[in-house]
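*Asks:* My structure is below; once you've seen it, I'll send some questions.
The values are calculated or read from the model by the stated rules, or taken from the named source; none is laboratory data. Note that the coordinates shown come from a computational prediction; the quantities given were computed from them, not determined experimentally. In this analysis, Cβ positions are derived from the backbone assuming ideal geometry, glycine residues included, and neighbour counts consider all displayed protein chains. Only protein heavy atoms, including side chains, enter the accessible area calculation; ligands, DNA and RNA are left aside. Shrake-Rupley method; radii C 1.70, N 1.55, O 1.52, S 1.80 Å.
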Amino acid sequence: MKRFAVIGQPIAHSLSPRIHRAFAEQTDIALSYEAIEVAPEALAGQLAQWHREAWSGLNVTLPHKTAVPAACVDCSERARVAEAVNTLCHLDNGWYGDNTDGEGLLRDLVDNLDVAVANQRILVLGAGGAARGILLPLLQRRPAELVLSNRTPWKPEAIAEAMAEHGRIRPSTHLALKGDRFDLVINAMSVGHSGHFPRLPEGLFDEGAVAYDLSYGAAHAPFAACARAQGAAVVHDGLGMLVEQAAVSFQLWNAVLPRTDALIATLRAESRSTAV
Ligand code: ATR
């Protein structure tokens, strides 16, 4: 039986085991998938051990996504550009690193939610690891404009420069967005449960504009409140992206792309019924 796991710290609340086991059942593939807590100092040794034990693949989550590329013998272009890996595939000579976050976002936005990306004015809020993972796939869909805004100004400037060969990103601070209008605003800030969403200038959402949050569950509330107050026409959380990035990882490992619609609906219904 093929062995898989998601590794991170903390990891107990990860939905990945549930998602991958559902995919395995749906596609009739025999596999095991666990959630394993790994401390940063144990990461390199654990990865080497799981490779020796012939584990088939791993998902990687916080805080390891940016440390794992150094432990790979090779990485996909999208993982190299993101400087982050969320999926490891077993090769004979070591781990191959990939990043399915951006494709997961695009599959949810474009295929599930029917949100346009091509020729749209897009704002990404936040310039950490989560933002880096989605920029290349967004640029590849040829938006009219892609603005990257962050509290700390040098981060979007450095990313825009590093990614210049892939397309134009306009770096900004949140306050410097005054007067700009967007069709799609994506939140990639990890403001989390603190609830202190940064102040954004009024009028960022043009008529009919869509808000999409990479966060889901309780962590989605601060951006949802901000987007609604700003007049966003629709507000989406990142639950669909979570399932879609998992589906792309599953396909890399098992050569079958699972269906996602029923699982997203189930998880969404559960998150509504447990929301406070
Ligand atoms: P992740 O991997 O989740 O992206 P990260 O790399 O630590 O985590 O990045 C967190 C992002 O959220 C950054 O863009 C951070 O802004 P700074 O670069 O200025 O630190 C942003 N962020 C987190 N809390 C924030 C807050 N209270 N106000 C504004 N931005 C915040």
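*Asks:* Of the conditions (1) modelled with pLDDT of 95 or more; (2) away from the ligand (no atom under 14 Å from the Cβ), Gly217 clears all except one; give me its number.
*Replies:* Every listed condition holds for Gly217 apart from (1).
*Asks:* What's the total number of residues in region 143-178 that are within 16 Å of Glu202 (Cβ to Cβ) and either of a type in the set (D, E, K, R) or without any contact (Cβ under 8 Å) to a residue 24 or more places away in the chain (or both)?
*Replies:* The number of residues fulfilling the criteria is 1.
*Asks:* Return only the number of the condition from (1) open to solvent by 60 Å² or more (accessible area, probe 1.4 Å); (2) touching a Phe, Trp or Tyr at 6+ places or on another chain (Cβ under 9 Å) that Glu53 does not satisfy.
*Replies:* (2)
*Asks:* Any residue that is crowded, with 23+ Cβ neighbours inside 10 Å and not aromatic (Phe, Trp, Tyr) - is there at least one of those in region 199-207?
*Replies:* Yes, region 199-207 contains at least one residue that is crowded, with 23+ Cβ neighbours inside 10 Å and not aromatic (Phe, Trp, Tyr).
*Asks:* So Asp98 passes all but one of these: (1) over 20 Å from Val210 (Cα atoms); (2) open to solvent by less than 60 Å² (accessible area, probe 1.4 Å); (3) within 15 Å of the ligand (Cβ to nearest atom). Which condition number does it fail?
*Replies:* The failed condition is (3).
*Asks:* May I pose another question? Sort out for me the helices (runs of 4 or more DSSP H) sitting completely within region 209-276 that have 3 or more residues that are over 20 Å from Asp183 (Cα atoms).
*Replies:* By residue number, 239-254, 261-274.
*Asks:* May I ask you to verify whether Ile159 is open to solvent by less than 40 Å² (accessible area, probe 1.4 Å), β-branched (Val, Ile, Thr), in contact with a Pro (Cβ under 8 Å, 6 or more places away or on another chain) and away from the ligand (no atom under 12 Å from the Cβ)?
*Replies:* When the stated conditions are applied, Ile159 does not pass them.
*Asks:* Right, next: How many of the residues in region 170-190 are crowded, with 19+ Cβ neighbours inside 10 Å, within 14 Å of the ligand (Cβ to nearest atom) and under 19 Å from the mean Cα position of the chain (by Cα)?
*Replies:* Going through region 170-190 one residue at a time, the tally reaches 4.
*Asks:* Another one. From (1) open to solvent by less than 30 Å² (accessible area, probe 1.4 Å); (2) within 15 Å of the ligand (Cβ to nearest atom), pick out the condition that doesn't hold for Cys89.
*Replies:* (2)
*Asks:* Give all pairs with beta carbons closer than 9 Å in which a residue from region 48-63 that is within 13 Å of Thr100 (Cβ to Cβ) meets a residue that is in a helix (DSSP H, G or I) and within 16 Å of the ligand (Cβ to nearest atom); count only pairs at least 6 apart in sequence or on separate chains.
*Replies:* Final answer for the pair search is Leu58/Val68; Asn59/Gln245; Val60/Val68.
*Asks:* Still on this structure: Tell me yes or no: at least one residue of region 124-131 is more than 18 Å from Asp237 (Cβ to Cβ), in the same structural domain as Pro198 (by TED's automatic domain parsing), touching a helix residue (DSSP H, G or I) at 6+ places or on another chain (Cβ under 7 Å) and not polar (S, T, N, Q).
*Replies:* Checked region 124-131: at least one residue is more than 18 Å from Asp237 (Cβ to Cβ), in the same structural domain as Pro198 (by TED's automatic domain parsing), touching a helix residue (DSSP H, G or I) at 6+ places or on another chain (Cβ under 7 Å) and not polar (S, T, N, Q).
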